[in-house]
Amino acid sequence: MNALTLGGHALRHDWTLAEVQSLFALPFNDLLFQAQTVHRAHFDPNEVQVSTLLSIKTGACPEDCKYCPQSARYHTGLETERLMEVEKVLERAREARANGSSRFCMGAAWRNPKEKDMPYILRMVEEVRGLGMETCMTLGMLTADQAARLGAAGLDYYNHNLDTSPEFYGDIITTRTYQDRLDTLEHVRGAGMKVCSGGIVGMGEQAKDRAGLLMALANLPRHPESVPINMLVKVKGTPLENEENLDSFEFIRTIAVARIMMPGSHVRLSAGREKMNEQMQALCFMAGANSIFYGCKLLTTPNPDESTDMQLFKRLGIRPAQRAQKPDEVQRLELEAELLAQVTREPAGDELFYDATRQRAAVQSAVKSA
C-alpha cells in the first residue's frame, strides 16, 4: 500500500473509486462518527483556522469556467477592477488580522500572472508576511519560474483548485485542461510552498464525480495542506445560474469523506456558507471541517460577516486557531519519507559501499531541523 502512518491512520495515495463511493454510502451517523474520530486524532476538534480572502484584481478573466462571475464571457454585471495598490492590500490585511484571521489570501482573476505584475505580487507577499500572517495567493496557472519566485518571496500557500472530477471537468471548463491544473500544483510543490486545492460541488455533477474529485486530491503525491470544499454560489448571468441545489446532507458527506481520506489536511468550509444555516455548518464542523473564510465577501460572492461567525463559534465552543509556527506532523512524516528514500538509492560512481548509519543520522538531523 502506498501509505505513511499518521496517528494510527494511513496517509494513502492509492484510493480507488469503489473505496471512495463506499465511504459516501455509509449510514450518515456512521460516516460522521468515523470522520470525527479521524479528525480528533489529528486536530483540536474545537479549533478552526480562519482565513480572509481578498480580490486583488477583479473580473475580465479570459477563462470560461461556467460557475465564475469573473469570466469576461458572461454578463453578470460585475465591475472589473485593475490590480490593487500594495498599500491598499496591506490595509485590508491589517483589518483581517485585527478581526482574528491568521491567514490572508489574495486572488486575481487571471489565466496566469503577467511579468509586469510580478514585482507588485511579490511585494504583497513580503509585506503581508511581515504583518505576522500566513500568506496565500490564487493567480491562475503558474510556470515553474513564477512558482519559484513566489516561494522565494515567502508565500506560504498557493491555491489552485481541481474543481471537479477529471471526467466531469470538460463540462465546466474548456479553456485549460485538468493536466494544466496538475502541472501548476507540481510547480508549487517544487518551489517548496504548501498546496491549497479543493473543488466545487453542486455544479450538476453526479455522485461519482464528487468521489472522483476527492480521489484525485487524495491521490496526489502529497495531500494538499488545505482542501477547500465549495458549494456552488449561483450567480445570474453564468451558465450555472439555474442549477438545481445540492442536497445539504450530500454536501456534509463530502466534507466527512474528505476528512477521512486526507486526515492531516485542513478541510475548509468555503464558498456557499452564506446560504447554510447554523445547524448545517455545525454538522460540517462535526464532519471534520476545521477552516473557514472570514468576512462578508469571497472575491465577488457573499459570505457571512465576522460577527455572525464569532457568534456561531461562541455557541459551539469553537475558537480561531493561531498561526502555526512549525510544520505539522504530516509534513514531518513526508519529509522523513523523502529523505529516507535517499538511503536506498544506489551509490554514485565506483563506490560499492556506503555508511548507511551515517546517511540515516543525516536524515534524522534534517527532519529535526525542519
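Summed over the residues of segment 108-223 and divided among them, the accessible surface reaches 36 Å² per residue at a probe radius of 1.4 Å. What a 1.4 Å probe finds exposed on segment 17-175 is 49% carbon and sulfur by accessible area, rounded to a whole percent.
Heavy-atom accessible area, probed at 1.4 angstrom with all protein chains present, ranks Val233, Val227 as Val233, Val227, highest first. Under 15 Å from a label point set 7 Å out along the Cα-to-Cβ vector of Phe28, the amide N atoms of segment 265-289 belong to 277-287. The distance separating the Cα centre of segment 10-52 from that of segment 218-265 comes to 13 Å. State whether segment 155-284 is rounded, prolate or oblate according to the following rule on the C-alpha gyration tensor (a ≥ b ≥ c being the square roots of its eigenvalues): a/c under 1.5 gives rounded; otherwise a/b larger than b/c gives prolate, and the remaining case gives oblate. Oblate is the answer for segment 155-284, as a/c is 1.5 or above yet b/c matches or exceeds a/b. Ranked by solvent-accessible area (1.4 Å probe, protein heavy atoms only, all chains present), the residues Asp14, Asp247, Asp117 order from largest to smallest as Asp247, Asp14, Asp117.
A Förster distance of 25 Å, applied to the separation of the beta-carbon atoms of Ala98 and Tyr120, puts the FRET efficiency at 0.55.
The values are calculated or read from the model by the stated rules, or taken from the named source; none is laboratory data. Keep in mind that what you see is a predicted model, and the values were worked out from it rather than measured. Cβ: placed from backbone, ideal geometry, glycine included. Neighbour counts: every protein chain shown. Just the protein is used for accessible areas: all its heavy atoms, side chains included, with ligands, DNA and RNA removed. Shrake-Rupley method; radii C 1.70, N 1.55, O 1.52, S 1.80 Å.
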